[in-house]
Amino acid sequence: QVQLVESGGGLVQAGGSLRLSCLASGSIFEINAMGWYRQAPGKQRESVAVITSGGITNYADSVKGRFAISRDNAKNTVYLQMNSLKPEDTAVYYCNAVVQQSVGAPMYNYWGQGTQVTVSS
């Protein structure tokens with residue numbers, strides 16, 4: 001079994017910053033892509049930022065230049081540095097990881113429980 005645990009959410013004023021962390025633990029042989037997604041009330045979950053095991057990143061247009069994703073492969077941890085936050089960034093942020101649990105095993109998608117980010121105007 002694999003668990004993803006997020007931390008770092010909270011309440012911040014517009015223009016402020018937050019850093020989210022997500023630790024993957026359990027039966028892990030290899031982690032492929034890791035990423036952050038978010039879901040605002042009444043909206044569908046959307047991709048925010050993704051990073052491959054080799055460090056290639058991809059961002060939603062709405063966060064480019066403000067958010068930065070990074071990962072520490074030795075610690076099975078992915079981070080999301082969020083700067084210049086806007087009220088429209090308010091959402092529950094979910095961590096995602098594509099994990100292989102043993103040699104030759106298929107890759108599976110895992111999700112964290114989510115962490116609330118609220119940006120006040």
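List of remarks:
- Within the range 108-118, the set of residues being part of a strand (DSSP E or B), within 25 Å of residue 54 (Cα to Cα) and either open to solvent by less than 40 Å² (accessible area, probe 1.4 Å) or modelled with pLDDT under 95 (or both) comprises just one member, 110.
- Scan of the range 53-81 for residues that are touching a residue at least 40 places away in the same chain (Cβ under 8 Å) and within 11 Å of the chain's Cα centre (by Cα), ordered by number: 77, 78, 79, 80, 81
- The set of residues in the range 27-55 being closer than 17 Å to residue 108 by Cβ and of a type in the set (Phe, Trp, Tyr) consists of 29, 37.
- Boolean, residue 54 is at positive phi and surrounded by fewer than 16 Cβ atoms within 10 Å (Cβ to Cβ): no
- Matching residues, the range 29-43, being farther than 14 Å from residue 74 by Cα and in a loop (DSSP other than H, G, I, E, B): 40, 41, 42, 43
- Applying the condition of being within 19 Å of residue 61 (Cα to Cα) and of a type in the set (S, T, N, Q) to the range 1-42 and asking which residue is surrounded by the most Cβ atoms within 10 Å (Cβ to Cβ) yields 39.
- In summary, residue 15 fulfils each of the numbered conditions (1) part of a loop (DSSP other than H, G, I, E, B); (2) within 30 Å of residue 102 (Cβ to Cβ); (3) touching a Leu at 6+ places or on another chain (Cβ under 9 Å) with the single exception of condition (2).
- Listed by first and then second residue, the pairs linking a residue in the range 87-101 that is hydroxyl-bearing (Ser, Thr, Tyr) to a residue that is surrounded by 21 or more Cβ atoms within 10 Å (Cβ to Cβ) and outside any strand (DSSP E or B), with Cβ atoms under 8 Å apart and 6 or more places separating them unless they lie on different chains, are 94/112.
- Of all residues in the range 57-98, those satisfying the criterion of being closer than 18 Å to residue 116 by Cβ and either in a loop (DSSP other than H, G, I, E, B) or open to solvent by 20 Å² or more (accessible area, probe 1.4 Å) (or both) are 63, 79, 81, 85, 86, 87, 88, 90, 92, 94.
- Within the range 43-54, being over 14 Å from residue 93 (Cβ atoms), modelled with pLDDT of 95 or more and not hydrophobic (A, V, I, L, M, F, W, C) holds for 44, 52.
The values are calculated or read from the model by the stated rules, or taken from the named source; none is laboratory data. Here the structure is a predicted model, which means the values were calculated and not measured. Note that we place each Cβ from the backbone using ideal geometry, even for glycine, and neighbour counts take in every protein chain shown. These area figures cover heavy atoms from the full protein model, side chains too; ligands, DNA and RNA do not enter into them. Shrake-Rupley method; radii C 1.70, N 1.55, O 1.52, S 1.80 Å.
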